[in-house]
Structures are given as structure tokens and as C-alpha cells.
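Working notes for the structure below.
The values are calculated or read from the model by the stated rules, or taken from the named source; none is laboratory data. Remember, it's a predicted structure, so these values are computed and weren't measured experimentally. Neighbour counts are summed over all protein chains in view; Cβ atoms, including those assigned to glycine, are modelled from backbone coordinates with ideal geometry.
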Amino acid sequence: MSLLHWIILIPFLAAIFVPLLGRVFPRVHTGWFVLFVPLALVVVSWISYSSLIADGESMLHTVPWVPMLDINFSVYLDGLSFLFLLLITGIGTLVVLYSIYYLDKKKERLQHFYVYLLMFIGAMLGVVLSDNLIVLYAFWELTSLASTLLIGFWFIRKKSMFGAQKSMLITVFGGFAMLVGFMLLYMMTGTFSIREIIGGADGIMDHALFLPAMILVLLGAFTKSVQFPFHIWLPDAMEAPTPVSAYLHSATMVKAGIYLVARMMPIFGGSAEWFWIILITGLFTLFWGAISAIRQKDLKAILAFSTISQLGLIMSLLGVGSAALYTQDPELEIMYAGAIVTAMFHLINHSTFKGSLFMVAGIIDHETGTRNLYKLGGLMTIMPVTFTVSAVGLAAMAGIPPFNGFISKEMFFGNMIEVTELPFFGMGEWAIIIPMIAWLASVFTFIYCAFMFYKTFMGKYDRANYWVDVHEASPGLLVSPVLLGGLVIILGLFPNILTNVLIHPSVTSILTGISVELDPYSLTLWHGLEIELFMSIGVVAVGVLAFLYHNKWTEWEIYSKDRDVVNLFYDQGIDKLQDSSQWITRLQMTGRLRDYFVYMLVFIVALLAVTMWRSGSFQELPEGMASTMDTPLYMYGVMFILVGSAAVLPFIKSRITFIISIGVLGLMVALFFTIFSAPDLALTQLLVETVLLIVLMLAFRHLPEMTTETKSRSYKTVNVLIAASAGALVTMISISAYALRLDLDFTAISDYFIENAVPLGGGYNIVNVTLVDFRGFDTVLEALVLGIVALAVIMLVKHRFKGGEDI
């Protein structure tokens with residue numbers, strides 16, 4: 001295995017030893033041991049691959065897993081996956097360091113927490129490094145499982161369990177949809193390799209399954225990256241510990257959908273449907289998240305909706321950038337490739353300022369005991385370091401210079417203006433609404449950032465609002481947010497330090513087949529007196545005015561409703577699902593054995609009938625089969641007696657007549673064996689029937705009376721239909737199998753038994769040799785079943801259970 005394989009596997013291997021370390025070193029915080037894992041991975045990854053990625057190289061390593069199904073543990077590293085690799089391990093290192101001081105080793109179940117966290121790190125690395133779609137899906141679902149365990153870490157809280165369940169249901173639903181999309185891609189291309197699919201992407205755009213596959217894959221991405229209307233799980237996931245929120249919900253898990261869209265863009269990106277679905281979904285999510293954040297009163301709730309909004313911004317940029325794969329004009333390629341540049345740059349920026357803000361929110365909660373904006377205030381002088389870090393992060397998110405968020409926000413405005421000039425995809429004069437929505441959402445972003453800043457740190461400090469003595473956090477708790485805050489400033493002042501290593505390689509990985517020459521100085525703090533600058537000034541001006549007069553519009557009824565309206569549909573859907581499940585369960589679990597047989601037989605008959613129909617088994621008999629089925633006259637007499645003795649059984653009222661009819665039926669079967677030259681089987685059948693008749697006659701006086709039961713016509717009709725269908729299907733299977741043998745000139749396995757009975761089995765009785773040698777395991781298992789039945793009968797007779805008792 002390659003180093004990339006080990007980078008994925010090491011977190012899982014480390015998770016195995018976490019419980020042992022916690023027991024061997026009970027006085028040491030488990031986080032100190034875990035910290036080494038992401039730190040080592042980020043250092044090794046940077047040293048091993050940064051220069052290669054900067055040179056535009058990529059690498060693929062494959063380990064066979066299930067090669068017969070084209071499922072291999074293939075890992076692929078290019079600019080895009082390297083960017084996410086550094087985000088996962090780099091932010092992961094800071095989060096683990098933060099958690100050491102946030103989680104009390106005496107109160108919390110640290111071993112559980114770090115096992116879940118390491119499992120999540122490994123799963124995320126698997127998602128971004130996998131080249132095989134099935135392996136990617138396996139890691140994708142593993143991220144959902146690990147995140148559910150982390151969100152529900154404080155499982156004694158009902159809200160935590162509700163948030164964990166909600167995230168699991170929505171993301172797993174999207175994962176299943178994505179898996180079906182992957183299957184459709186396989187049907188179109190014949191491979192699960194992402195590299196091979198991208199190589200043949202031009203040939204599948206006109207395929208009938210192209211659009212369904214695209215929609216299903218996007219469902220998986222949208223549910224993971226909280227795009228409207230699947231965004232509702234993220235605010236409830238804020239019940240997780242703050243280190244989880246800072247890691248999963250700002251830098252990693254919620255960006256898995258962004259990664260998937262970027263990775264799939266070379267496959268679907270040249271279509272109008274891809275462009276419009278992603279652009280519209282992203283813009284609406286951007287706007288909805290921003291306006292919803294204003295109505296929140298909880299710090300983490302505001303950050304949750306802010307994350308939703310910012311992910312919508314990145315998603316819309318990916319939609320705009322996909323136009324570069326459609327146009328053949330080099331100038332337009334470079335123009336719309338700029339949207340991908342902005343998306344990747346803002347992806348990094350968002351991870352820095354949002355990670356620091358989540359950590360700040362955790363610090364405030366940790367030191368004050370509350371996250372309610374209307375109980376906070378005056379913390380600027382009490383917590384000066386926290387105040388500084390928060391000011392930097394909020395300014396970056398609001399798009400204020402000289403921080404990194406201002407650069408990506410202006411670039412975003414420019415990309416939204418450029419999309420109005422798009423000469424294809426049906427873009428008209430109405431397209432001016434796109435930059436207007438972007439600008440309006442930015443105004444709302446500025447407002448909720450101002451709210452967080454003012455309500456938390458400004459005003460007068462009132463000791464009565466807190467049940468603890470408020471003070472600045474410990475240095476250990478401040479290290480991670482301070483480092484992230486420092487990155488916010490550095491990337492704002494020197495944005496080009498990441499261009500050659502991360503931005504440019506990731507863009508070229510997304511826009512495969514396009515020669516994108518990026519200006520190394522295109523990322524700059526000052527873009528000149530362009531319209532984007534005036535849009536930013538307008539955001540600040542309108543935002544300040546709205547904040548100054550917030551006492552008026554915050555009295556509106558809509559402002560008081562902080563719960564997302566989409567939750568109503570989710571809650572009603574869950575209620576309907578539970579009611580439907582209970583109804584189906586009551587319908588199935590009736591407690592009547594007859595009903596269970598009906599369900600099983602209907603399913604088996606339907607499944608086999610559909611399979612035979614689709615495989616063409618219901619066809620005309622091949623030539624020559626009719627001649628082989630010429631039947632002597634006496635056979636009709638035997639068949640008439642056989643069928644007649646079976647048909648009269650349901651109508652017999654006498655016990656002795658019933659036993660005799662069963663005996664006649666068995667004798668006719670033995671006669672059939674004799675006619676078809678199977679004397680051993682005939683003898684066995686005669687012995688079995690003789691023993692059965694003797695047993696029944698001995699137990700005659702203990703048999704129940706043959707009473708007439710009154711059943712409804714529908715009850716009897718169902719019985720007749722199922723019995724007739726099962727019988728007809730078995731007959732058709734027999735005839736079809738025989739016809740197929742004649743049509744394709746198959747060699748019967750019985751020929752092999754006949755030829756090898758003496759040399760391999762050492763016996764001239766072919767039937768006995770077959771049962772004992774060639775099918776010995778079958779015979780042993782059949783004997784085992786009979787033995788189990790015999791033991792059950794012995795227990796029943798021994799205990800003599802009476803009616804109404806449980807057995």
C-alpha cells in the first residue's frame with residue numbers, strides 16, 4: 001500500500017488504541033495522544049506532496065479489493081484532494097488541541113469522543129482521496145455515522161439525540177440517492193473509477209441516464225452541504241460539543257458536498273442543467289441562511305445559519321464556474337474559471353474565520369454559562385483576547401478589509417456580475433437579479449455579524465446575568481482560535497501565498513481539459529475602483545443603517561420566529577412516516593401463521609415471475625421439445641389419480657378418508673419414480689409413505705375432528721389464487737429449464753454423475769453415490785435438519801404444553 005493509503009488508515013488504527021491509552025494513562029488527557037495523529041498527517045502530507053502538487057502533478061495508487069466487481073481501494077491525489085487533505089488534518093489538529101482544554105477529563109467520556117473523532121477524520125480523508133465511487137460512498141456513509149455519534153455525544157440531552165437522528169436521516173437519505181447515481185454512472189461508463197469516468201465524460205452527456213444520475217449525485221451533495229431545503233439538520237446539530245461544531249460544521253463534513261460537486265464537475269459540468277441547478281440552489285441557500293441567521297438568539301445557532309449561507313455562496317460559485325466547461329471561447333473560459341478560483345479561496349477563508357468563531361462561541365459558553373445574545377454583553381474588557389479574535393472573525397465574515405473575507409466577497413460580487421454577461425444557457429436581461437440577491441444576502445450577513453459583535457461584547461457588563469464568575473479563557477483554550485484568527489489576517493494581507501500550492505492546482509483539477517492560466521497576483525486586497533468595491537461600500541452602509549434602527553424591525557412578528565419553517569415539513573414527514581410504519585407493521589404482524597405464508601409466497605411468486613418475464617423464459621417451446629414429451633396413455637391415468645387425490649384433500653370431511661388420500665398421493669409419486677427408472681427413489685418413497693400411514697393410524701384417535709370452518713369468499717379466493725400461482729410458476733420453471741437445456745444444448749449434471757459414479761465414488765448405485773459422495777454436504781445438512789425437528793418433537797412431547805402457553 002502507498003503512503004496515501006496509510007494516511008486514510010492511520011486514524012482508524014489510532015482509534016483502536018485510544019481506549020487502551022485512556023486506561024493506561026488515566027491522569028493524562030487522552031487528547032494529547034490523539035493530537036499527534038492529525039498533526040503528523042498534515043506535516044507528512046505537506047512535506048511529501050506540496051512540491052509535486054505545485055508542479056501540477058497527480059498520483060494514483062490502487063489496491064485490489066473486489067476486482068470482480070470493479071471495486072478497488074484506489075486513492076487519487078491532485079490539487080483538489082490535496083486542498084481538502086490539508087483542511088481536514090490542519091483544522092483537525094487545532095480542534096483536537098482546543099478540545100483538550102474544553103472537555104474535562106473527569107466529567108466527559110473522552111475515550112468515546114476521540115474514537116468517534118478519529119473515525120470521522122479517517123472517513124473524511126477516505127472521501128477526498130478515493131478514486132473508486134463505491135469506496136467513496138462507503139467512506140461517505142461512515143462520515144454520517146461518525147458525525148451522528150459526535151452530535152449525540154451528550155446523549156442524555158434530548159436535543160442532542162434529536163439533532164443526531166435528524167442529521168443521520170437527512171444525510172443518509174442523500175447518501176442512498178448518491179449511490180444510485182453512482183450506479184447509473186457505472187451503467188453508462190462500465191467503470192467505478194472517477195478518473196476513467198472523467199476521461200469518457202464527453203460520451204455520456206447524451207445518454208438517457210445522464211440527467212437522473214446528475215440529480216441523484218447532487219442530492220447527496222446538497223444534503224451533506226446543507227443546501228436548501230436539506231439545511232435544517234445543521235442548526236439542531238449545534239447541540240454537539242463546540243469542538244465538534246468547529247470541526248464538522250465549519251471545515252470538514254459540511255464541505256464534503258462541496259468536494260463532491262467540484263469532483264463531479266468534469267463529468268456533469270458542461271450541461272445547462274448542472275449550471276442552473278447548482279447556481280439557483282446555492283443563491284437561494286445563501287439568501288435563506290443569511291436572513292434566518294438574523295432571527296437567532298443563540299451564538300451557535302447564528303453561526304449554523306451563517307455556515308448554511310456561506311456554503312450556498314461557495315455552491316453558487318461552482319455553478320457559475322461550470323460555464324467554463326461549456327464555452328469554447330478562451331476568454332470566457334478564463335472569466336468563468338475565476339468563479340472556481342473564488343470558490344476555492346473562500347473555502348479556505350471560511351474554514352479559518354468560521355472555525356475561530358465557533359471556538360469563540362464555545363469559549364463564551366464555557367466561561368459565562370450561556371450563549372444567549374440577550375443575556376450577554378460587556379465582555380470586551382472582561383475577555384479581551386476573545387474579543388479580539390471574535391472581532392477579526394466577524395469582520396472577515398462581514399466582508400470588511402483588510403481581512404481575507406473581504407477579498408473573496410469582492411471576487412464573489414465580480415463573478416455574479418460576470419454571469420449576467422453569459423451568452424448561453426438562456427441568460428437574459430432578468431439575470432441582473434443574480435448579483436442583486438448576492439448583494440442583499442451580504443447585507444444580511446453584515447447585520448448578523450454586527451448583532452453578534454455588539455450584543456456579546458459591547459454595552460455594560462452585568463454580573464447578575466451570569467451564574468459564574470466571568471473571566472478570560474485559559475491560554476490553552478485560546479491558542480487554536482488565535483492561530484485561526486492570525487490566518488485570517490495573513491490571508492487578507494498576503495492572499496497569494498496559497499495560489500501556487502493550493503488555489504491554482506485545485507482549480508486545474510476541477511476544470512480538466514481547460515488550460516487555465518491564472519495571474520499570480522489576481523488575489524489582491526485592492527481591486528481598484530470597480531463596481532464590486534461600491535457594492536461592498538453599499539453593504540456596509542445599508543448594514544449599519546439597518547443595525548442602528550434594529551429596534552424597529554426586530555419587533556416584527558417574523559423576527560420572533562427563530563425556527564426554520566422547513567422544519568414543519570420535516571416534523572410532519574417524520575410523523576407520517578411513523579404512522580405509516582406502524583400501520584404496515586400492524587398489517588404484517590398479525591400473529592396468524594397463514595398470513596405469514598401468504599406474504600412469503602406472494603413475494604416469492606412475484607419475484608420469480610418478474611425475473612422469468614424479463615429474462616424471456618415465457619417463450620415458445622423450442623423445436624423438438626414436443627416430441628420428447630410424447631406420453632404413453634397409461635401415464636394420463638397415473639397423472640389423473642395423482643392430481644385427483646391432491647385436489648380432493650381440501651374437501652374431505654372424514655379423517656380416515658384424508659389419511660387414505662394422502663397414502664394414494666404418495667403411492668402415485670412412487671409409481672412415477674418407478675416409471676422413470678428410479679427404483680431407489682421409488683423404494684424410499686414407499687418406505688416413507690408406509691411409515692407415515694402407520695404413524696397416522698396409530699395417532700388416529702388423537703387427531704382433531706374434521707370440522708367445517710366458515711371462511712369468507714375473499715379468504716378462499718386468496719388461497720386459491722396463491723396456490724394456483726405457486727403451482728403454475730413451479731410448472732413454468734420446470735418447463736423453461738427443460739426448454740433452455742434443449743435450446744442451448746446444455747450438458748446435464750446427471751451425465752457427470754453417471755460417468756464418474758464408479759471411478760470417483762466407487763459404487764454402481766448412482767443414486768446412492770450421488771447422495772453420499774457428490775452431494776454429501778447436502779445430505780448431512782438434511783440429516784441435521786431432521787435431527788433438529790426430532791429434538792423439537794421430543795421436547796414438545798416431554799413437556800406436553802397446553803393450549804395458550806408460549807413455546
Every listed condition ((1) within 27 Å of Leu21 (Cβ to Cβ); (2) buried (at least 21 other Cβ atoms within 10 Å of the Cβ)) holds for Asn132 save (1)
(request) Report yes if Gly319 is at pLDDT 90 or above, assigned by the TED database to the domain that holds Phe534, out of contact with any strand residue (DSSP E or B) (no Cβ under 7 Å at 6 or more places or on another chain) and over 23 Å from Met238 (Cβ atoms), otherwise no. (result) yes
Pairing a residue in the range 497-520 that is over 14 Å from Ile348 (Cβ atoms) and in the same structural domain as Leu347 (by the TED database) with any residue that is at pLDDT 90 or above and not in a helix (DSSP H, G or I), where Cβ atoms lie under 9 Å and the two sit 6 or more apart in sequence or on different chains, gives Thr508/Asp78; Ser509/Ser58; Ser509/Asp78
The condition from (1) at pLDDT below 95; (2) under 29 Å from the mean Cα position of the chain (by Cα); (3) small (Gly, Ala, Ser) that Ala40 misses is numbered (1)
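Listed residues Ala748, Ala737; which is in the same structural domain as Ser615 (by the TED database), at pLDDT below 75 and within 20 Å of Ile604 (Cβ to Cβ)?
Working: Ala748 fails: within 20 Å of Ile604 (Cβ to Cβ).
The match here is Ala737.
Residues are listed down the side, and each one gets a yes or a no for (1) farther than 28 Å from Phe284 by Cα; (2) surrounded by fewer than 24 Cβ atoms within 10 Å (Cβ to Cβ); (3) in contact (Cβ under 8 Å) with a residue 12 or more places away in the chain:
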{"position": "Thr381", "(1), (2), (3)": "yes, yes, yes"}
{"position": "Thr386", "(1), (2), (3)": "yes, no, yes"}
{"position": "Ala396", "(1), (2), (3)": "no, no, yes"}
{"position": "Gly399", "(1), (2), (3)": "no, no, yes"}
{"position": "Met416", "(1), (2), (3)": "no, no, yes"}
{"position": "Cys449", "(1), (2), (3)": "no, no, yes"}
{"position": "Phe453", "(1), (2), (3)": "no, yes, yes"}
{"position": "Arg463", "(1), (2), (3)": "yes, yes, no"}
Of the residues in the range 632-670, those that are among the small types (Gly, Ala, Ser), under 20 Å from Arg701 (Cα atoms) and surrounded by 13 or more Cβ atoms within 10 Å (Cβ to Cβ) come to Ser661, Gly663
The condition from (1) at pLDDT below 85; (2) closer than 23 Å to Ile722 by Cα that Val605 misses is numbered (1)
Across the range 751-771, the tally of residues that are at pLDDT below 80 and assigned to a helix (DSSP H, G or I) stands at 6
Given the conditions (1) surrounded by 24 or more Cβ atoms within 10 Å (Cβ to Cβ); (2) farther than 21 Å from Phe230 by Cα; (3) among the small types (Gly, Ala, Ser), every one holds for Ala272 apart from (1)
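Test Ser245 against the criterion of being under 30 Å from Gly362 (Cβ atoms), not basic (Lys, Arg) and not assigned by the TED database to the domain that holds Gln310, and give yes or no. Spell out the reasoning first.
Numbers: under 30 Å from Gly362 (Cβ atoms): yes; not basic (Lys, Arg): yes; not assigned by the TED database to the domain that holds Gln310: yes.
Here the answer is yes, as Ser245 does meet what is asked.
Look at the range 671-702 and say how many of its residues are hydroxyl-bearing (Ser, Thr, Tyr) and exposed (fewer than 13 other Cβ atoms within 10 Å of the Cβ).
Here is the first cut: in the range 671-702, the residues hydroxyl-bearing (Ser, Thr, Tyr) are 674, 677, 684, 690.
Right, trim to exposed (fewer than 13 other Cβ atoms within 10 Å of the Cβ) and you get 677.
Count: 1.
Does the range 281-289 contain any residue that is farther than 24 Å from Gly163 by Cα and assigned to a helix (DSSP H, G or I)? Let's see the steps before the verdict.
Start the filter on the range 281-289 by keeping residues that are farther than 24 Å from Gly163 by Cα, which leaves 283.
Of the ones still in play, those that are also assigned to a helix (DSSP H, G or I) are 283.
Yes; the residues of the range 281-289 include at least one that is farther than 24 Å from Gly163 by Cα and assigned to a helix (DSSP H, G or I).
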| field | Residue within the range 390-406 that is assigned by the TED database to the domain that holds Val544, under 15 Å from Leu533 (Cα atoms) and aromatic (Phe, Trp, Tyr) present | value | yes
Of the listed residues (Val470, Val544), the one being surrounded by 16 or more Cβ atoms within 10 Å (Cβ to Cβ) and of a type outside the set (Phe, Trp, Tyr) is Val470
Do we have any residue at all in the range 161-171 that's more than 27 Å from Leu110 (Cβ to Cβ) and within 20 Å of the chain's Cα centre (by Cα)?
-> yes
Per the filter on the range 207-241, residues crowded, with 21+ Cβ neighbours inside 10 Å and in a loop (DSSP other than H, G, I, E, B) are Ser225, Val226, Gln227, Phe228, Ala240
Quick count over the range 341-393, residues being at positive phi and basic (Lys, Arg), is 0
Within the range 748-778, restricting to residues that are farther than 15 Å from Leu681 by Cα and among the aliphatic types (A, V, I, L, M), the one that is farthest from the chain's Cα centre (by Cα) is Val758
Query raised in the report: If we scan the range 136-144, do we find a residue that is under 23 Å from Leu20 (Cβ atoms) and either touching a residue at least 60 places away in the same chain (Cβ under 8 Å) or surrounded by 21 or more Cβ atoms within 10 Å (Cβ to Cβ) (or both)?
Result: no
